[in-house]
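Since the structure comes first, as structure tokens, the remarks are kept for the end.
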Amino acid sequence: MKTFLAGLAIAGAVFGAIVSSAVAQQAKPTIVLVHGAFADSSSWNGVIKILEKDGYPVVGAANPLRSVKGDAQYVSNVLAGIKSPVVLVGHSYGGSVITNAANGNANVKALVYVAAFAPDTGESALGLTGKFPGSTLGDKLAPPVTLSSGGIDLYIQQDKFHDQFAADVPEADATLMAAAQRPVTEAALKEESGDAAWKKIPSWFIYGDKDLNIPPQALGFMAERAHSRQTVVVKGASHVVMISNPAAVAEMIESAATAQ
């Protein structure tokens with residue numbers, strides 16, 4: 001009888017540990033990753049591997065790259081379908097999108113800006129880029145593609161993509177990225193932002209000091225203005241710091257996820 005009771009106690013302890021583990025897993029917020037211009041959700045692959053290994057549910061939202069308002073509405077729809085708390089992460093132009101998409105979504109507990117724009121109300125990505133010296137993107141753009149619906153699409157010249165966009169990524173990988181890059185409309189980069197969610201939601205910032213798309217000085221300015229909880233500048237990192245330094249980016253996201 002004693003052996004039987006001891007067995008029940010052990011089984012109960014094991015079951016309790018399993019339940020506790022399951023509850024802990026459910027308690028982790030969902031990480032929603034929003035890519036920027038000239039990229040797609042695969043740009044987060046290295047970060048996703050780390051986050052999922054550490055038990056975080058992850059969603060890579062497919063940013064349309066058509067307009068700030070429209071793209072933010074799309075991401076907002078994604079957020080509305082997630083029942084858990086959310087850490088919303090944006091890269092580059094994706095920062096403009098999350099700044100607007102978080103509004104009205106009470107489940108967003110943190111914003112993480114990865115070499116990303118954090119515009120205030122009325123500011124545009126293009127305007128923030130030109131606010132400080134250092135961006136060489138304008139000279140590296142390919143001839144624009146005229147859209148039948150009006151407006152133009154912008155791409156980076158493929159032979160300039162490595163040096164401009166991803167200098168710290170192996171050249172062979174950058175060549176593939178250049179061929180598969182997704183365009184952004186010029187109108188989206190010029191569009192003024194709505195209400196800035198970072199004024200109400202805690203934010204974290206990480207970027208490289210060799211960013212040639214968004215001047216590091218501009219990124220630092222936006223981080224300071226948003227009263228960033230933590231700002232990390234990765235030495236030697238390009239605009240795609242999440243590809244070249246996925247561990248550092250994942251660590252920051254997890255810091256935001258566990259912050260009180």
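Which members of the stretch 118-128 meet the condition of being under 18 Å from the mean Cα position of the chain (by Cα) and among the hydroxyl-bearing types (Ser, Thr, Tyr)?
Within the stretch 118-128, Ser124 is the sole residue that qualifies.
Take the residues of the stretch 172-192 that are of a type outside the set (A, V, I, L, M) and open to solvent by less than 40 Å² (accessible area, probe 1.4 Å): which is nearest to Leu128 (Cα to Cα)?
Thr185
Out of the residues in the stretch 146-171 meeting the condition of being touching a strand residue (DSSP E or B) at 6+ places or on another chain (Cβ under 8 Å) and not in a strand (DSSP E or B), tell me which one is most open to solvent (accessible area, probe 1.4 Å).
The qualifying residue most open to solvent (accessible area, probe 1.4 Å) is Tyr155.
May I ask you to verify whether Asp195 is closer than 20 Å to Ser43 by Cα, acidic (Asp, Glu) and open to solvent by 50 Å² or more (accessible area, probe 1.4 Å)?
Criteria not met by Asp195.
Can you tell me which residue is most open to solvent (accessible area, probe 1.4 Å) among those in the stretch 57-92 that are out of contact with any helix residue (DSSP H, G or I) (no Cβ under 6 Å at 6 or more places or on another chain) and part of a helix (DSSP H, G or I)?
Lys69
Looking at this structure, is Thr258 open to solvent by 50 Å² or more (accessible area, probe 1.4 Å), touching a strand residue (DSSP E or B) at 6+ places or on another chain (Cβ under 6 Å) and among the hydroxyl-bearing types (Ser, Thr, Tyr)?
No: the conditions fail for Thr258.
Read through the list (1) in contact (Cβ under 8 Å) with a residue 40 or more places away in the chain; (2) farther than 17 Å from Gly94 by Cα; (3) open to solvent by less than 40 Å² (accessible area, probe 1.4 Å); (4) outside any loop (DSSP other than H, G, I, E, B), then give the number of the only condition that Met242 fails.
Met242 satisfies all of (1) in contact (Cβ under 8 Å) with a residue 40 or more places away in the chain; (2) farther than 17 Å from Gly94 by Cα; (3) open to solvent by less than 40 Å² (accessible area, probe 1.4 Å); (4) outside any loop (DSSP other than H, G, I, E, B) except (2).
Which of the following residues is open to solvent by less than 10 Å² (accessible area, probe 1.4 Å), within 16 Å of Arg225 (Cβ to Cβ), in a helix (DSSP H, G or I) and touching a residue at least 24 places away in the same chain (Cβ under 8 Å): Leu111, Leu128?
Only one candidate qualifies: Leu128.
Could you say whether any residue in the stretch 179-188 is of a type outside the set (S, T, N, Q) and without any contact (Cβ under 8 Å) to a residue 24 or more places away in the chain?
Of the stretch 179-188, the ones of a type outside the set (S, T, N, Q) are 179-180, 182-184, 186-188.
Retained after the next criterion (residues that are without any contact (Cβ under 8 Å) to a residue 24 or more places away in the chain): 179.
Yes, the stretch 179-188 has at least one match.
When you check Gly95 against the structure, is it touching a residue at least 24 places away in the same chain (Cβ under 8 Å), assigned to a helix (DSSP H, G or I), of a type in the set (Gly, Ala, Ser) and touching a strand residue (DSSP E or B) at 6+ places or on another chain (Cβ under 9 Å), yes or no?
Criteria met by Gly95.
Taking the stretch 98-108 on its own, how many of its residues are open to solvent by 10 Å² or more (accessible area, probe 1.4 Å) and either assigned to a loop (DSSP other than H, G, I, E, B) or free of Cβ contacts under 8 Å to residues at least 40 places away in the same chain (or both)?
5
The values are calculated or read from the model by the stated rules, or taken from the named source; none is laboratory data. As the structure is a prediction and not an experimental result, all values here were calculated from the model. Virtual Cβ from ideal backbone geometry, glycine too; neighbours counted across all protein chains shown. Accessible surface areas use protein heavy atoms only, side chains included; no ligands, DNA or RNA. Shrake-Rupley method; radii C 1.70, N 1.55, O 1.52, S 1.80 Å.
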